[in-house]
Amino acid sequence: MDPAAAAPDPKRALFAPVSVLRDATPQRIEQLRRLGIETIRDLLFFFPRDYADLSDLRPIRQLEEDKVQTIRGTVREIDGSSSGFARSRVGVLVQDESDYLRAMWFNQPFMRDKFFVGQRVQMSARPRKKGGRWEMAHPNVVYLDAEETVPTGKLLAVYPLTEGLTQYYARRLIHAGLQQYGGMLDEVLSEHLLEEYDLAPLADALPAIHEPLDHAALNAARRRFTFQELFVLQLALAARRFQQRVSFKAPELPATAQIDARIRRLFPFELTAGQNAAIADVSQDIALDTPMNRLLQGDVGSGKTVVAVYALLCCVANGAQAALMAPTEILARQHAATLEKLLKQSRVEYRLLVGGLSTSEREEILRGLASGEIDLVIGTHALLQDSVEFKRLGLVVIDEQHKFGVRQRAALRRGDQSPHYLVMTATPIPRTLSMTQFGDLDVSILRDMPPGRQPISTYLVEPDQQARWWKFVRDKLAEGRQAYFVAPLVEESESVSAASVKAAFDELTHGELAGHKIELLHGRMSHAEKEVVMNRFRKGEVQVLVSTTVIEVGVDVANASVMIIASPERFGLSQLHQLRGRIGRGSHPGFCGLLAPAELSDVARQRLEAFGGTTDGFKIAELDFSMRGPGDLFGDKQSGLPPLWYANLVRDREVVEEARDAARKLYAADPGLKSPENHKLRKQMLQRYGEVLELGDVG
Ligand code: ADP
Ligand code: MG
């Protein structure tokens with residue numbers, strides 16, 4: 001289903017198979033089907049992935065240096081050394097009616113196979129004149145059909161096609177489709193919306209997406225489809241927010257002056273301004289009988305646990321039960337240890353519910369939760385399992401939100417009763433992302449850090465500097481510090497040339513760190529095995545922990561001051577930031593060494609250098625986001641939402657905000673989207689998001 005599409009048309013014509021179009025041979029129909037195109041409507045909403053700009057199309061003889069221009073011609077010669085990857089060069093000689101031009105590719109030997117003599121091509125790049133001959137390096141290429149004439153527009157659509165289908169054919173077929181069926185499309189957005197948000201009507205936007213006359217027309221069309229897709233998503237999120245408020249009741253958990261004072265007395269330090277502000281947000285929410293759905297964002301080490309503990313204890317003080325969930329057992333145990341310190345003098349009954357408990361221990365906890373004897377439980381996702389029943393669950397705190405999807409958040413509701421939810425993430429989320437993936441949540445942000453944080457220096461360690469780096473590491477260990485060594489994979493794999501922890505472990509034990517106490521930690525070890533190693537590391541019995549990213553979230557060992565990361569180019573910046581956040585936690589400055597591989601692309605080097613230049617998690621998140629997009633960390637899998645199909649959260653940041661404001665406004669004016677002019681929007685919203693966001697029968 002494409003979200004930007006109009007609502008199904010009563011005139012069935014749009015749902016006719018593409019075979020009704022002239023030119024649609026069985027073979028081509030099969031190729032189209034592989035692209036997901038079966039009906040006329042699929043075809044019309046099969047959007048270009050790019051456009052070739054013909055606005056500065058010139059004869060070769062009239063080219064100028066230093067500006068992007070386009071030429072068209074016929075391939076006359078192909079040459080080049082394709083002896084392996086290093087320093088290969090492919091040259092393609094192109095001729096038009098005025099002159100010859102040489103196109104060149106370096107280190108892309110495969111380009112040689114993309115051309116044949118006699119082929120018609122169009123190339124765009126900044127040309128240079130060398131020895132009297134025009135050259136283009138790495139031009140943008142459009143392969144033209146022999147019979148294709150210059151189109152009227154100046155922008156030529158380029159479609160994401162599969163083998164066998166030519167761009168020319170796709171353009172021709174879509175052109176025919178537009179001619180015959182374009183007029184039958186049904187507008188989804190009301191006149192009113194089109195006008196207020198300055199959006200092109202579908203009848204203009206669809207032809208302009210395929211055959212734009214100029215950049216202005218294309219931009220207007222793009223804006224319309226981007227806005228529509230984001231708007232429908234934001235409407236769904238607004239509907240969900242609205243529904244949560246009206247359909248669920250949560251216990252009122254007011255932080256009375258007495259409760260507030262009792263909880264604050266437990267903390268051995270002054271709270272930061274950010275912590276106080278977040279606590280104020282949370283207290284306000286949970287005092288009401290509408291469930292809180294709040295996201296607490298704060299960089300690694302910003303002190304989110306304090307806010308969580310405050311909320312949990314406020315809940316317990318009000319006679320309701322509270323649950324704290326962490327993504328890993330290591331973290332759950334760490335939270336339990338923190339609470340143990342804070343709750344020494346209190347009568348709060350709390351338990352740690354994790355794997356590895358005996359059946360009787362586990363059953364005792366489950367009984368205590370069901371009877372209400374246990375006030376507070378700490379655990380992993382296992383808490384979401386159905387066997388866990390609470391007597392009166394008031395609050396759930398979910399640490400490291402990005403590992404929990406929309407659906408999981410709903411799992412602890414019973415009937416019309418819902419606990420309050422506080423979800424926390426240590427990975428700062430770029431604004432546009434938190435407005436989409438987590439758009440149904442209210443947000444509090446901890447921007448300040450508790451006092452006394454140690455500076456962290458980050459180095460990109462080149463291969464020839466590694467001996468010196470390891471000497472530095474040995475010096476730190478001799479001073480009594482501890483270190484982490486992180487590598488991406490568990491076992492050596494031939495297909496992926498990444499360092500593996502096991503191989504690294506063997507190498508280090510016999511090489512640079514011989515004679516030191518090193519231990520291995522990875523995800524395939526049992527909980528008990530991991531716990532033994534972590535404890536030894538915490539106690540300082542292990543000097544270096546060689547690990548996969550299982551230590552990424554939340555692990556807190558103050559004496560560890562060195563972080564070494566192998567194959568850093570394989571991690572996202574936000575993930576590197578998480579890893580780096582493990583050090584500089586105690587009274588010692590931190591040192592982070594990124595071991596550069598022998599071959600590092602310019603782009604990767606730039607990313608890593610930018611990362612070394614800042615420790616501000618929000619800056620890093622924005623940087624990572626603009627370079628890689630949402631990536632794995634906040635990918636669609638984690639959010640539970642279907643992928644966006646047309647809008648791009650990096651490119652279309654501004655539209656995200658506009659669409660959100662517009663959606664909230666419309667939904668507030670017409671809750672449930674009941675008015676006739678919003679009927680089609682409502683239908684589209686439910687079609688796409690009704691199930692995943694459990695919108696049911698809205699309103
Ligand atoms: P995160 O936000 O990464 O979960 P934590 O809650 O684990 O951060 O806090 C990091 C460290 O900072 C902990 O050791 C905690 O005790 C300490 N801390 C938290 N708040 C304060 C504060 N206001 N003043 C001093 N230290 C604090
Ligand atoms: Mg934490």
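The values are calculated or read from the model by the stated rules, or taken from the named source; none is laboratory data. Keep in mind that what you see is a predicted model, and the values were worked out from it rather than measured. Heads up, the Cβs are rebuilt from the backbone with ideal geometry, glycines too, and the neighbour counts pull from every protein chain shown. Ligands, DNA and RNA are stripped out before the accessible areas are found, and what is left, the full protein with its side chains, is counted by its heavy atoms. Shrake-Rupley method; radii C 1.70, N 1.55, O 1.52, S 1.80 Å.
Descriptive notes on the structure:
- Here Ala250 clears all of (1) surrounded by fewer than 22 Cβ atoms within 10 Å (Cβ to Cβ); (2) out of contact with any Phe, Trp or Tyr (no Cβ under 7 Å at 6 or more places or on another chain) except the condition numbered (1).
- Considered as a group, the residues in the stretch 283-294 that are under 27 Å from the mean Cα position of the chain (by Cα) and at pLDDT 90 or above include one that is farthest from Gly584 (Cα to Cα), and that residue is Pro291.
- Contact annotation: residue pairs with Cβ atoms under 6 Å, 6 or more positions apart or on different chains, pairing a residue in the stretch 316-339 that is assigned to a loop (DSSP other than H, G, I, E, B) with a partner that is within 12 Å of ligand 2 (Cβ to nearest atom) and among the acidic types (Asp, Glu), are Ala326/Asp399; Pro327/Glu400.
- Residue under evaluation Glu364, criteria (1) within 23 Å of Leu521 (Cβ to Cβ); (2) of a type outside the set (A, V, I, L, M); (3) without any contact (Cβ under 8 Å) to a residue 12 or more places away in the chain, criterion not met: (1)
- Answer residue from the stretch 273-308, given it is open to solvent by 10 Å² or more (accessible area, probe 1.4 Å), hydrophobic (A, V, I, L, M, F, W, C) and part of a helix (DSSP H, G or I) and is nearest to ligand 2 (Cβ to nearest atom) among those: Val306
- Evaluation of Ala170 against (1) touching a strand residue (DSSP E or B) at 6+ places or on another chain (Cβ under 9 Å); (2) within 30 Å of Pro671 (Cβ to Cβ) (one fails), failing number: (2)
- Qualifying residue in the stretch 48-56 (condition: modelled with pLDDT of 90 or more and either at negative phi or part of a strand (DSSP E or B) (or both)): yes
- The stretch 203-243 - residue that is hydrophobic (A, V, I, L, M, F, W, C) and farther than 23 Å from Gln687 by Cβ and, of those, modelled with the lowest pLDDT: Leu213
- Scan of the stretch 313-331 for residues that are under 24 Å from Glu373 (Cβ atoms) and within 13 Å of ligand 1 (Cβ to nearest atom), ordered by number: Leu324, Ala326
- Output for the stretch 18-47, where each listed residue is touching a Pro at 6+ places or on another chain (Cβ under 8 Å) and under 26 Å from Val121 (Cβ atoms): Leu35
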